[in-house]
Structure formats: structure tokens, C-alpha cells
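Structure first, then comments.
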């Protein structure tokens, strides 16, 4: 079951591993490790930290996500989704602030997994996800112009709009050699899959571009010229400095990091399930993501999550167990230890080309354009999330996007819920032959009014309920509130019913309830409202309620309409049955 907090590695080891499976997973892990190297370096630099920190994240977090994860094939590490939020934190608070935010996010992810919130992805509306993802892609793409054009800038503004005047001011430093290297790397990345998919095009691009720069003596900025020598070892683990004011300040960014990690990792796990026919354990996956993000800053790393592209590469190359993800991290560690100092030769323009491809794939522009055919409210959410991500802040974009989606959902639910004062409409409508309990086939006594609610009765529909009731010209002697199509109520709906009860009592009207389902009945009982209304005034169906109304009015009972065979009432609570 997906709710189990058991790592898939444990299950795989209990099932047993053959040498054939081990060999296949090891090969997949080697390939993914090679693919991950240039991406880890590029994501680290784009996030505003050193290349070593990006690699450390891929090694530490990648190993833990595979070893503890709820997916058998998930590959974890730094991803493009984090670049914008991480870069902003580093610029404002430095790495100490980022480390604290990552630790907090890790703790939140662990708590989310323990609290069984693995289905959180279902509650993030699709337009919000597409909107902020496209916004992140645009920001990542725009940020690569500096290195792609070889512009010499002391600092690059973090804000999207502020980048363009800064680029324009530095345009006189344009370096044609950098553009040539970047364009060449971009061509290699795009065209190399036609040659083979076994060796990643990004790796070929950085090797070829580094060789070209070295052999031709091109004046192009490299990792070494900007960051110095790349260390060939992992840093010793250490706890970051944490102060209470910093923790308070970094809590909101930490929530954004946790949400992004949860969304990205669970999306990746779902994609992997579709490719392998397996089923991930979403709650365990969240716990693994949390542990990985707790460990990453101890080694100077940045936030990590499941990476869709690397996970898909793992599956396509035969990876079927967590062994592949663990091998991928060990391969990265070996490359760093053996060839780490070579990374300083990589041209920045080549990394810019890699990130441009990442941004293009991340943008999902076809899905973005397709969403414009959706209802206007969804288009509004899409554009709001996109524009807030680009122009304001990713944290704000997610918060506002989810809030707007929730408000629109509530409005739609309120519109679905129908409230009607149906006694006055009976003479205008024909009996519904498909509904044996329609009021049009019943004799409603004089001085009795029937009011019906159809759909979820919650705070979004409470005002419509009160407005409809206010249309009663004069108080009846008996008011029947029919709830046969109300599956649930909330506190606001209960308050609305209480308002009706108090108003009816003040006007000398007897309030009867008909066809109350289990959840509304329990809610009425817990609120004490059932006791005030009286159990004698709560009835199984409309016929019982009409009989009670006649009893109140001192009228004789009438013969009930014959119900179709096989249409019995369903018992939904003590002494109360469902109105069919």
C-alpha cells in the first residue's frame, strides 16, 4: 500500500536480488551518474552556490532518496525547480540562511510523510503547477544570457525585470567566442541523441567545449576563472549556525521548498510508475525527501528532490530497484574524487546551454498553451501563478495560486449546490417519473411549505440558503427542510439551520427535517441542534414529514403514494433512514 512507511529498498532485499538484476541496475546507475554530473554543477552555479555544493547535494541526497525512498527507481538531487527560490535566499541571506531553510524544509517533509500527506499532489491545481513551472523556466532561461553572451558583470540582478537593463548596460562586453562555444554546446545537446542515448549529450557538450577552449586558447570564462579550483572531495559534515530570528525569517521560504520538493518528487514517482507498472509509496517518499534535505546542508548542499528527467533516464536504461539510485550517487562520488579538479575547465557558456535546454523542457509550453482552452477561471489561475513567479516571488505565486484555486473551487461548489423553495413551484412543473419521491405527486397541506437543498451544504452555499428562505411571503405553520440530496454539512451550514430554527420558533412555525443523511445527522447531534429541533421532527422521508405536518395541523392522515418495488429506504442512523 502507498501509505506504508517502509522503504522500497527493504522490500526489494526481502524479495531477493539476482545477479542479473544487480548488473542491470549497476549499469543504469553508472549512466545516470554521468548524466547527473553536468546537471549538478549547472544547478549549483545557477542557484548561486559553488559547483561543489551542487555535486555534494547530488551525492548525499541522491543516495538517501534512493535508499529510503518509496519509489524503486527515483533519482534525487538538485533540480531546476529550486533554482529561483534558492538563488533568492542566497542573495538575501547567504548560504547560512539557505542551510536553515533546507533543514526546516526537511523536517516539514518528514512530518508530512508521517502525517500521511502523500496525496498532497492531488490538492495542487494543475494550472498552478504549470503556471509556476513555466515561470521558473522563463527565469532560468533569462538568467543564462549573461554566460551565453559572455557578458562581464560584477553582479546580476535577481529580479526578472531588472536583468534586462543590466544586460543592456553590459552589452558592450559581448564575447563572440562565448556565444560560439554556447551555441556549439547547444547543438551537441540537441543533436547527440540521434547518435546514441547511452552517453548523455550534456556530458559530450561540456567535454567538447572544454577541449575546444583549451586547444584553441579561447578567451572564455570557465568555472575555474569564476569560482577557482573545484575541490576533489566532499566537505566534512557540520551543523550550520542556527539562531531563532533566522529560523523565524526562513520558515516561509522553507514551506515553499518543502511544497516544491513534495510536488516534484511525487510527480516524478507517478511518471516512474507509469513507465514501470509499479506503485510508489508516497508517504515514505516524503519521509525520504525530508531526510535527504536534513542531511544535504550538513555537507554544504542545497535543497534536493526527485528529478523527473534523471528518473526517466534510469528507467529507460534498465533501472528497476533502488540499487541504481545508490550506484548513481557512488559514481558521482568517484568522479569527484578522481576527476574533480578537471571540472574547473568547463566553460560557463556550455553550462548556460545545458540550463537553456533544462528550461525549455521544464517550460512545458505546449501544456501552457493548451490550458488557454480551459475555463476562464483556470486561465486566470494559470496566468496569476506564472506572472507572480516571474515578476514577484515563487513563494507568493504558490500561495496566491493555491488560494485562488481554493476560492474558485468553493464558488463552483456553491453554484452546484441548489437551494429551492419548491412548494410554490409544484404547480409549474410536471412530476419527474424517474424520481418516485418527487413532491409533485404528494398532497401538501395548506400552511405547509417545503424547502429543499441539493448538493454539499457548506459555507459557500449558506448565504444562498438564507436568501432563498427570506423569499417566504408569510410564515407558514410548518416548514419542512428537505435534505435528501445533502451528503455533508459544515459549521456554517449548521449555523444557517439554527438561524432557520430560531426564526421559525420566533414566528410560531414548526421546523421539520426530511431525509437527513448520516454525516449531517451526526453533525446536528453533536452541535446540540437535533435536541432543540426534536427527534420527533426529524424524519426518514417526505411522506413521514408530511404526516407529521398533518398531525401538527390536526389534519387526518392520507394514503401514501405507492413506491416502486426494490426502492427501500437505506438506514443511515439510529431511527433515521435516507430519503430516496
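Listing for the model above:
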{"item": "Rounded to 10°, Cα long-axis angle of helix 348-363 versus longest principal axis of the chain", "result": "20"}
{"item": "At R0 = 30 Å, FRET efficiency that the Cβ-Cβ distance of residue 464 and residue 364 yields, to 0.05", "result": "0.20"}
{"item": "Cα gyration tensor shape for region 177-235, rounded if a/c is under 1.5, else prolate or oblate", "result": "oblate"}
{"item": "Euclidean distance of C-alpha centroids, region 271-343 and region 24-48, integer Å", "result": "9"}
{"item": "Rounded if a/c under 1.5, otherwise prolate or oblate - the chain, Cα gyration tensor axes", "result": "prolate"}
{"item": "On Cα atoms only, tilt of 244-276 relative to the major axis of the chain in degrees", "result": "90"}
{"item": "Peptides 12-23, 167-178 ordered by average Cβ neighbours within 10 Å, highest first", "result": "167-178, 12-23"}
{"item": "Cα-based helix-to-principal-axis angle, 83-114 vs the chain, degrees rounded to 10", "result": "50"}
{"item": "Ordering of 462-470, 261-269, 314-322 by packing [mean C-beta count within 10 Å, highest first]", "result": "261-269, 314-322, 462-470"}
{"item": "Theoretical ellipticity at 222 nm over the chain - DSSP helices of four or more residues, -39500 (n - 2.57) apiece, nearest 500", "result": "-19500 deg cm²/dmol"}
{"item": "Directionally averaged shadow of region 457-569, computed from the convex hull of its alpha-carbon atoms, nm²", "result": "7.8"}
{"item": "Residue-span extension gain [residue 396 to residue 236] - 0.36 nm each, minus C-alpha spacing", "result": "54.1 nm"}
{"item": "Cα gyration tensor, region 96-144 - rounded (a/c under 1.5), prolate or oblate", "result": "oblate"}
{"item": "Potential extension, residue 244-residue 342 segment - 0.36 nm per residue separation minus Cα distance", "result": "31.2 nm"}
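Since every read-out is calculated from the coordinates, none of them should be taken as a lab result. The structure presented is a predicted model; accordingly, all values stated were derived computationally and were not measured. In this analysis, Cβ positions are derived from the backbone assuming ideal geometry, glycine residues included, and neighbour counts consider all displayed protein chains.
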